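*Asks:* My questions will all concern the structure given below.
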Amino acid sequence: MIVVMKPGASKAQVQHVVDLVREYGLKDHVIYGTDRTVVACIGDKRMVDKGAIENAPMVERVMPILAPYKMASTEVKPTRTVIPIGPKKFAFGSQAIGVIAGPCAVENRDQLLRTAEAVSAAGAIGIRGGAYKPRTSPYSFQGLREEGLRILEDARDATGLAIATEAIGVEELGPVAEVADVVQIGARNMQHYPLLEAAGGCGKPVMLKRGPSAKLDEWLLAAEYVINGGNADVILCERGIRTFEEYTRNTLPLSVVPELRERTHLPILVDPSHGTGHAHLVPAMCRAAIAAGADGLLLEVHTDPEHALSDGAQSITPVTLMEMMTSLKRIASAVGRTM
Ligand code: PEP
Ligand code: MN
């Protein structure tokens, strides 16, 4: 249920509504908009006397929230969420489109620092790279772990780029959140509910990747776990889903972008690297993602893709990134965005 306050409602009048809502045993989230304040009430509303709340001073109306996800929904918050990221406070979810680029995994200091310099020169706002890697095979490279986090910190110090890196479990969340500017929750973990709840208290923005078999509502409900846990700074990342099709690693459903923009206020990233699995398909899908309304791109970039320890086939080179940026900027400007 949402309580919409009249424009000009005072803090005390909003607090009065919050007190009433709490009396009914509901959880409240107050959202201060530019012209009005709404109080989202989450919980069992069967015992609520809607009339009593409607009668409170400066209440305009009380409405049900129809979407199963509440806090993530545009019903509760019609204005887009803007999340400042990294040392330069890049505003994710604003008019500006942000590129986060880097290797699949942090492999060594030299590789990561060189890549960070290159993606920064190309105009990226963040460096990505897994210190902890969730691998399909237990025999594959699992990441440099703590050492990888130290290398990412050095790359941020050298370039001013924001760090996006994955927490693969509740145990890793603390050390990752200490270093990361954006904590990535990977596709395999999208329904790892204890991790989502813990991410609600991690104190850093969370990038939630879509599970390869998750429906849109399930993905938004996973985001709801993080928000309900106390962290409203959630960025959604489409990275492709599993279908019968085999010419790509995953199928990248870009129609999800305009659909999400209607359903949620959260910023939306697209990851065409995992979404296609093939470097040659990445530039076109980046252009398409921006045309569809994405707020940013998550890209795998490697200085020597042939020798990458993971995901080489889908990694573009810094040269390709640099070349591609020119056409991406043109698409961005055609759809009223900046880059
Ligand atoms: C990654 O970003 O390197 C990664 C493991 O992605 P996903 O969780 O989408 O497979
Ligand atoms: Mn990868």
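The values are calculated or read from the model by the stated rules, or taken from the named source; none is laboratory data. Worth saying up front: this structure is predicted, and the values here are computed from it rather than measured. Counting neighbours? That spans all protein chains shown, and the Cβs are built from the backbone with ideal geometry, glycine included. Please note that ligands, DNA and RNA were not included when accessible areas were found on the heavy atoms of the full protein model with its side chains. Shrake-Rupley method; radii C 1.70, N 1.55, O 1.52, S 1.80 Å.
*Asks:* Mind telling me which of the residues 117, 54 ends up being touching a helix residue (DSSP H, G or I) at 6+ places or on another chain (Cβ under 9 Å) and of a type in the set (D, E, K, R)?
*Replies:* Being touching a helix residue (DSSP H, G or I) at 6+ places or on another chain (Cβ under 9 Å) and of a type in the set (D, E, K, R) holds for just one of 117, 54, which is 117.
*Asks:* Right, here's the next one. Look at residue 306 and say whether it is among the acidic types (Asp, Glu) and under 20 Å from residue 237 (Cα atoms).
*Replies:* no
*Asks:* Do you know which of the residues in region 300-326 that are over 30 Å from residue 142 (Cα atoms) and touching a helix residue (DSSP H, G or I) at 6+ places or on another chain (Cβ under 6 Å) is nearest to ligand 2 (Cβ to nearest atom)?
*Replies:* Among those that are over 30 Å from residue 142 (Cα atoms) and touching a helix residue (DSSP H, G or I) at 6+ places or on another chain (Cβ under 6 Å), it is 324.
*Asks:* I would also like to ask the following. What are the residue pairs meeting all of these: first residue in region 308-326, first residue at positive phi, second residue open to solvent by 20 Å² or more (accessible area, probe 1.4 Å) and more than 10 Å from ligand 2 (Cβ to nearest atom), Cβ atoms under 9 Å, and 6 or more apart or on different chains?
*Replies:* Matching pairs, first to second residue: 311/305.
Per-residue answers, yes or no, for (1) farther than 24 Å from residue 230 by Cβ; (2) more than 16 Å from ligand 2 (Cβ to nearest atom):
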site	(1), (2)
50	yes, yes
67	no, yes
75	no, yes
88	yes, yes
98	yes, yes
102	yes, no
108	yes, yes
116	yes, yes
128	yes, no
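*Asks:* Output the residues belonging to region 183-222 that are more than 15 Å from ligand 1 (Cβ to nearest atom), hydrophobic (A, V, I, L, M, F, W, C) and either out of contact with any strand residue (DSSP E or B) (no Cβ under 7 Å at 6 or more places or on another chain) or assigned to a helix (DSSP H, G or I) (or both).
*Replies:* 198, 216, 220, 221
*Asks:* With respect to residue 158, determine if the residue is more than 16 Å from ligand 1 (Cβ to nearest atom), open to solvent by 10 Å² or more (accessible area, probe 1.4 Å) and either under 17 Å from residue 319 (Cα atoms) or part of a loop (DSSP other than H, G, I, E, B) (or both).
*Replies:* no
Conditions (1) within 27 Å of residue 89 (Cβ to Cβ); (2) in contact (Cβ under 8 Å) with a residue 24 or more places away in the chain; (3) more than 16 Å from ligand 2 (Cβ to nearest atom); (4) touching a helix residue (DSSP H, G or I) at 6+ places or on another chain (Cβ under 8 Å), marked per residue:
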residue	(1), (2), (3), (4)
173	yes, yes, yes, yes
190	no, yes, no, yes
194	no, yes, yes, yes
198	yes, yes, yes, yes
202	yes, yes, yes, yes
207	yes, yes, no, no
210	yes, yes, no, yes
214	no, yes, yes, yes
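*Asks:* Which of the numbered conditions does residue 42 fail, given that it passes all the others? Conditions: (1) under 17 Å from residue 228 (Cβ atoms); (2) open to solvent by less than 10 Å² (accessible area, probe 1.4 Å); (3) among the β-branched types (Val, Ile, Thr).
*Replies:* Of (1) under 17 Å from residue 228 (Cβ atoms); (2) open to solvent by less than 10 Å² (accessible area, probe 1.4 Å); (3) among the β-branched types (Val, Ile, Thr), only one is false for residue 42: (2).
*Asks:* Still on this structure, I have one more. Looking only at residues in region 128-142 that are closer than 24 Å to residue 269 by Cα and touching a residue at least 24 places away in the same chain (Cβ under 8 Å), which one is surrounded by the most Cβ atoms within 10 Å (Cβ to Cβ)? Let's see the steps before the verdict.
*Replies:* Here is the first cut: in region 128-142, the ones closer than 24 Å to residue 269 by Cα are 128-136.
Okay, now just the ones that are also touching a residue at least 24 places away in the same chain (Cβ under 8 Å), so 128-135.
Details: 128: 32, 129: 29, 130: 29, 131: 27, 132: 24, 133: 22, 134: 14, 135: 15.
Within region 128-142, the match that is surrounded by the most Cβ atoms within 10 Å (Cβ to Cβ) is 128.
*Asks:* Of these, 297, 236, 254, 260, which one is in contact with a helix residue (DSSP H, G or I) (Cβ under 8 Å, 6 or more places away or on another chain), part of a helix (DSSP H, G or I), surrounded by 16 or more Cβ atoms within 10 Å (Cβ to Cβ) and not charged (D, E, K, R)?
*Replies:* That would be 260, the only listed residue that is in contact with a helix residue (DSSP H, G or I) (Cβ under 8 Å, 6 or more places away or on another chain), part of a helix (DSSP H, G or I), surrounded by 16 or more Cβ atoms within 10 Å (Cβ to Cβ) and not charged (D, E, K, R).
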